[in-house]
Amino acid sequence: MTSMLSRDLIFLILQFLDEEKFKDTVHKLEQESGLYFNLKYFEELVLNGNWDEVERYLSGFTRPDDNRYSMKIFFEIRKQKYLEALDKMERGKAVEILVKDLKAFASFNEDLFKEITMLLTLDNFRENDQLSNYRDTKTARAIMLIELKKLFEANPLFREKLQFPNIRGSRLRMLINQSLNWQHSLCSNARQNPDIRTLFVDHSCKNSNDSFAQLAASNQMIGSTPKFEGFLPMAANGPFQPSSAAPFQTPFTTWMPNPSTVTHPAVSGGGIGFGTVTNPAAISKGLGDTDDMSKTRYSGGSDRMMLPVTNPGQSHSMMFNPTDELPKTVARTLNQGSVPTSMDFHPIQQTLLLVGTIVGDISLWEVSSREKLVSRNFQVWNIGASTLILKATLIKDPCVSVKRVAWSPDGSIIGVAYSKHLMQLYTYHSGNDIRQHLEIDAHVGSVNDLAFCFPTKQLSVITCGDDKTIKVWDVATGAKLYTFEGHDAPVHSVCPHCKENVHFVFSTSVDGKIKAWLYDMMGSRVDYDTPGRSCTAMAYSADGKRLFSCGTSYGESHIVEWNENEGHVKRTYLGLHKPCLDIVQFDTTKNRFLAVGDDFSVKVWDMDNVNLLTSIDAEGGLPASPRIRFNKEGTLLAVSANDNRIKILATVDGMRLMRTYESQSLIAARSASETVTKNGDTRNLENGKPKLPEEVNQTKIWKLTEISEPAQFRSLRLSARVKSDKISRLIYTNSGTGILALAKSAIHLLWKWQRSDVNLSGKATTKVTPQLVQPSSGVTMTNDLTEAKPEEALSCFALSKNDSYVMSASGGKVSLFNMMTFKTMTTFMSPPPAATYLAFHPQDNNIIAVGMDDSTVLIYNVRVDEVKSSLKGHSKRITGLAFSHVLNVLVSTGADAQIIVWNSDKWERQNNSFLQIPAGRTFMAMSDTQVQFHQDQIHFLAVHGTQLAIYETKKLECVKQWVVEESSAPISHAIFSCDSQSIYAGFLDGTVRVFGSSNLQLRCQIKSSAYLQFSSPVYPLVIAAHPQEPNQFAVGLSDGDVNVFEPLESEGKWGVPPPVENGSATCISTVSPLAASGLDQPQS
């Protein structure tokens, strides 16, 4: 093995040869040493079609049988050479390439080799469908190079060989000069102009009367060089070159102005922000004596606040559990209705909670009574006065979310920052009385943060946005007072503060920069990097003495305390989860505690201790990075939870505070109406809950076809030679001639129907028993279980469109099987995390979406073994994936009951929503959610243990919902029929139900007694629909059996929908029926 120094020497020689233009020798050494793969040289060889040299050069680094990447590289090169011969009609040469070069790959993929061989029989190989896009030789070579580059990057044999080390020019010459200088310094009779004739022996200056010296002095061929300028010519690269000066950075202590230069008369002098205080009098005086506004809580950054000490005289060293001061008891749960993005408690009425959401709503809650006092949907107050840019933006994409909500220091003003241009200010009077005050088109793009401040005697609001600016506005008039420019990226947050009567603001940008500004238009005074160059928010403690920041970048979060005097990190707190799934939110309370929403909990630190103090899970059900907010006294903590809810945690004092307000709220609640109207239907309330339609007039609604005996329908049990474990996944082949099952034991079972007199089409049917396919080799398709946890694994598979390959996983690696031979072609993605769901891209079989156990979705290119993108947004494992080729989106669902829509071109999140879990069944919220697109590719079916729901994808609106009765068994799985007119659903009590998709009306119910021989706790785990027969489906059971169901031929379909006069369907409708969208057609 080449030693490190020998390796370095070879690189130095390669550099020297390149500088001396020994091109052939350079590439020969590259190939023979195998240390550096010159991709540019390789490209030249390929583009010139110098195939012999291509393989010769490549052979210095890898052989075809080294790994699958290398095999693919050689195969692509030889295939291209073969196609070029065919294109030139040189069939003899093509046959030679086929026999000598390509036949070596036949043993790995015999079918492919046969297909390549068949190209010889075509007049033009472009008649082959897969080669129909082949244009010309030059283009084909360029396209192949793109693929080869990806293969080189993925091939472990080429790692660290594709980049030449960053070496200073003429490095070898410089090292020799340094050696000669050192040798010359040891000469006893060192000459000023030594004569160097050779490097073969050490240099030594001779006496002047030495014959060699006299000869050298008269030799015109040998030049002399002063001692300390080097002995070999190197231009500017000789030894002892002066190093470039390091860039000068202004110290923190000098960024604040002298008091005399500050224009504000209230300024008494002294350093602020990261600077040192230079006014001793001001230090002794203290913040409480200098300015009333220094006591005010400033709302800067994303969902963070500072609270004063409840008991200023209380010592941190008292003998009691410090966590007793923290709100940990879940006292209230609020159903917000959409995902909260920002929250803020009223500074005086500390049980009033202001909430902004992902859909642009703002709400005002009285948390003690759980009463939503105010709810406002987003709207532009004066669209006529809006800029053309804002109008165009809203027309293109009307979806708007709330980025920040905040109260003014006295609680009289509400500020709302939106994701598109606008900031809106409301005045708050009392109760539910909020009134529109100002609407400002503040920034181009998103308004990322806002905070109230007092740079003058008048209240102002400061905003920041995607346009890289910070702006200050007069709250009374809306006039713009200041604009701060200097960030090179969108500004993420602002943190205004006042110290020693000097008002200033910190700002942070998404590229991890911190800047500090005075209200003087003189530019930023500080420019520093956040820890990890993270997207960071900053906050002072309520007493204004300690500064903290918290941010996330590339999945890693940092929460730190800053040394203001010196401008560096004073303390880094430990215990944040890695990787973080979202930008974490933080808050401070009691001048003692730091809290962060992280890892499905609220983590708390003592400010003086870097180690984690405690974690609060709020009885579970929190997202990966929950939003958090303390009230002013730190007795209440609002935490965003799954299912669009907010949990209110309380201390003992917090519980007492809420009881004080609750008595008044209950009196008001008793006089309120006890009815609720939904879609024009007024329903009585019982125990505060609306009755579901299933509870109303059941006997009238549930007049349906019930099947309880085998004679009432057609069924076929598929036999297997060996009894398998429970069926985890089930699918029909795309041709409709077979059924593929994946058992919990990781074994695949494939049944195929044959053509016969009884079954002329050869399609799946209950009339004929299929054959269980088993190759003569005896090979079974069994998933890799290395490092798998079978009891926790979620099995998954996906079938290619031509039924040739199946990709599958059972908690271990993902395996790719040949459906003809059952051979494992490859395995990839070793756990953890394990793959939990797989879906082929509808336009490219080489691209698959892989749902993972760690809640991410990976977009994976099978051909080059490369993850193209990692999609993050879920908080639990992925349980469903579905592509729409019409909308070019991917819909993902997870065990967190969340639905996310991703753009499948740029792999960006477009929208997200949560399933509405019925009240009282939150214990089922974390069950799996599946998803499948309707035939129109615009609507999709979401399946959860508690419900069936149909969504419109663009707006992500639930247009139909059917909810399981609380006393009924949950849904195990459901799927559209091939024509999307019906939905087949299995339940944990063994029942199978058939619904109409237009209105989710129940049409037919198949009891377990109809298909099970004995009464046993067996139930359908999975359901598959025939791809061409809309009334045929198969069920995979928990005992390992697979049954195929069809209605009686005399019936032809599964039941009939109830007549209109029978009343409402068993669904909760949120908009007009889907029939208007063509989702259901009458069946004859």
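The values are calculated or read from the model by the stated rules, or taken from the named source; none is laboratory data. Small disclaimer: the values here were computed from a predicted structure and weren't measured. Positions of Cβ are generated from backbone atoms using ideal geometry, with glycine treated the same way; all protein chains shown enter the neighbour counts. Ligands, DNA and RNA are stripped out before the accessible areas are found, and what is left, the full protein with its side chains, is counted by its heavy atoms. Shrake-Rupley method; radii C 1.70, N 1.55, O 1.52, S 1.80 Å.
At-a-glance table
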| item | result |
| --- | --- |
| Output for the stretch 624-639, where each listed residue is at pLDDT 90 or above and over 21 Å from Leu657 (Cα atoms) | Pro626, Arg627 |
| Strands (runs of 3 or more DSSP E) contained in the stretch 321-397 and holding at least 1 residues open to solvent by 60 Å² or more (accessible area, probe 1.4 Å) and under 30 Å from Asp466 (Cα atoms) | 371-376 |
| Pairs, first among the hydrophobic types (A, V, I, L, M, F, W, C) in the stretch 606-625, second surrounded by fewer than 15 Cβ atoms within 10 Å (Cβ to Cβ) and assigned to a loop (DSSP other than H, G, I, E, B), C-beta under 9 Å, six or more apart | Val610/Leu574; Leu612/Leu574 |
| Matching residues in the stretch 603-647 - criterion: being out of contact with any Ser or Thr (no Cβ under 8 Å at 6 or more places or on another chain), part of a loop (DSSP other than H, G, I, E, B) and open to solvent by 30 Å² or more (accessible area, probe 1.4 Å) | Asp608, Asn609, Asn611, Glu619, Lys632 |
| Filtered residues of the stretch 738-752 (kept if part of a loop (DSSP other than H, G, I, E, B) and buried (at least 22 other Cβ atoms within 10 Å of the Cβ)) | Ala746 |
| Trp473, sole failed condition from (1) more than 28 Å from the chain's Cα centre (by Cα); (2) within 29 Å of Leu956 (Cβ to Cβ) | (2) |
| Any hit, the stretch 1058-1075, residues being at pLDDT 50 or above and either more than 34 Å from the chain's Cα centre (by Cα) or surrounded by fewer than 20 Cβ atoms within 10 Å (Cβ to Cβ) (or both) | yes |
| Strands (runs of 3 or more DSSP E) fully within the stretch 804-916 counting 3 or more residues that are open to solvent by 10 Å² or more (accessible area, probe 1.4 Å) and among the aromatic types (Phe, Trp, Tyr) | none |
| Selection status of Glu792, on the phi > 0 side of the Ramachandran plot and surrounded by fewer than 16 Cβ atoms within 10 Å (Cβ to Cβ) | no |
| From Thr929, Thr922, residue being within 30 Å of Ser419 (Cα to Cα) and either crowded, with 23+ Cβ neighbours inside 10 Å or at pLDDT below 90 (or both) | Thr929 |
| Residue count for the stretch 398-411, restricted to those that are in a loop (DSSP other than H, G, I, E, B) and in contact with a His (Cβ under 8 Å, 6 or more places away or on another chain) | 1 |
| Exclusive hit being open to solvent by 60 Å² or more (accessible area, probe 1.4 Å) and either assigned to a helix (DSSP H, G or I) or among the small types (Gly, Ala, Ser) (or both), set Glu147, Glu84, Glu160, Glu115 | Glu115 |
| Filter pass, Leu58 being closer than 19 Å to Glu160 by Cβ and open to solvent by less than 20 Å² (accessible area, probe 1.4 Å) | yes |
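Quick grid of which residues meet (1) touching a Ser or Thr at 6+ places or on another chain (Cβ under 9 Å); (2) touching a residue at least 24 places away in the same chain (Cβ under 8 Å); (3) farther than 24 Å from Ser338 by Cβ:
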position: Asp844; (1), (2), (3): no, no, yes
position: Val850; (1), (2), (3): yes, yes, yes
position: Val857; (1), (2), (3): yes, yes, no
position: Asn888; (1), (2), (3): yes, no, yes
position: Asn903; (1), (2), (3): no, no, no
position: Phe933; (1), (2), (3): yes, yes, no
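Here's the yes/no breakdown for (1) surrounded by fewer than 22 Cβ atoms within 10 Å (Cβ to Cβ); (2) of a type in the set (Phe, Trp, Tyr):
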| site | (1), (2) |
| --- | --- |
| His944 | no, no |
| Ile950 | no, no |
| Lys960 | no, no |
| Glu966 | yes, no |
| Ala974 | no, no |
| Tyr984 | no, yes |
| Asp989 | yes, no |
| Leu1002 | no, no |
| Ala1024 | no, no |
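To keep it simple, each residue is scored yes or no on (1) among the basic types (Lys, Arg); (2) open to solvent by 10 Å² or more (accessible area, probe 1.4 Å); (3) farther than 21 Å from Asp441 by Cα.
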| position | (1), (2), (3) |
| --- | --- |
| Asp466 | no, yes, no |
| Gly478 | no, yes, no |
| Leu481 | no, yes, no |
| Asp488 | no, yes, yes |
| Val526 | no, no, yes |
| Thr530 | no, no, yes |
| Ala537 | no, no, yes |
| Glu564 | no, yes, yes |
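Residue-wise test of (1) in contact with a Phe, Trp or Tyr (Cβ under 6 Å, 6 or more places away or on another chain); (2) closer than 30 Å to Lys138 by Cα; (3) at pLDDT 90 or above; (4) surrounded by 12 or more Cβ atoms within 10 Å (Cβ to Cβ).
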{"site": "Ser3", "(1), (2), (3), (4)": "no, no, no, no"}
{"site": "Asp8", "(1), (2), (3), (4)": "no, no, no, yes"}
{"site": "Ile13", "(1), (2), (3), (4)": "no, no, yes, yes"}
{"site": "Asp24", "(1), (2), (3), (4)": "no, yes, yes, no"}
{"site": "Glu30", "(1), (2), (3), (4)": "yes, yes, yes, yes"}
{"site": "Leu39", "(1), (2), (3), (4)": "no, yes, yes, yes"}
{"site": "Leu45", "(1), (2), (3), (4)": "no, yes, yes, yes"}
